[in-house]
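Q: The structure follows.
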């Protein structure tokens, strides 16, 4: 999903002392579920729960502060 838009994982961090991880995205992938398009400059990130196998998207854009997408399942091929 991210690679198709010339994006890449910039770093992976623990998320707020939980079993979740924050996946920072770099490159041209900036798709935001809140505005239903890519941001022009600000990056997005994913919060991943590897135990319950879901993720959701958040972003660094001030206009989207507090937004979190619906949970989506992690599908392993």
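Q: Would you mind calculating the relative contact order of the chain from Cα pairs under 8 angstrom and at least 6 residues apart, reporting the percent as a whole number? If you can, show how the numbers build up before the last one.
A: Working: 145 pairs, mean separation 16.8, N = 77.
Contact order relative to length: 22 percent.
Q: Take the alpha-carbon positions of the range 3-73, form their convex hull, and give its projected area averaged over all directions (one quarter of the hull surface) in nm².
A: If I average the Cα hull's projected area over directions, I get 4.8 nm².
Q: Let me ask another. Between residue 75 and residue 35, with labels modelled 7 Å along Cα→Cβ, what's the label distance in nm to one decimal, could you check?
A: 2.8 nm
Q: Of 13, 76, how do they rank once you tally other Cβ atoms within 10 Å and put the fewest first?
A: In increasing order of surrounding Cβ atoms, one gets 76, 13.
Q: Over the chain, with a Gaussian network built from C-alpha contacts below 10 Å, which listed residue (42, 34, 52) shows the highest mean-square fluctuation?
A: Highest fluctuation among the options: 52.
Q: How much length is gained if the chain between residue 67 and residue 4 is pulled fully straight, taking 0.36 nm per residue apart and subtracting their Cα-Cα distance, in nm to one decimal?
A: 20.3 nm
No lab work stands behind these numbers, since they all come straight from the coordinates. In this text the structure is predicted, and so the values were computed from the model without any measurement. Ideal geometry is used to build each Cβ from the backbone, glycine not excepted, and the neighbour counts take in all protein chains shown.
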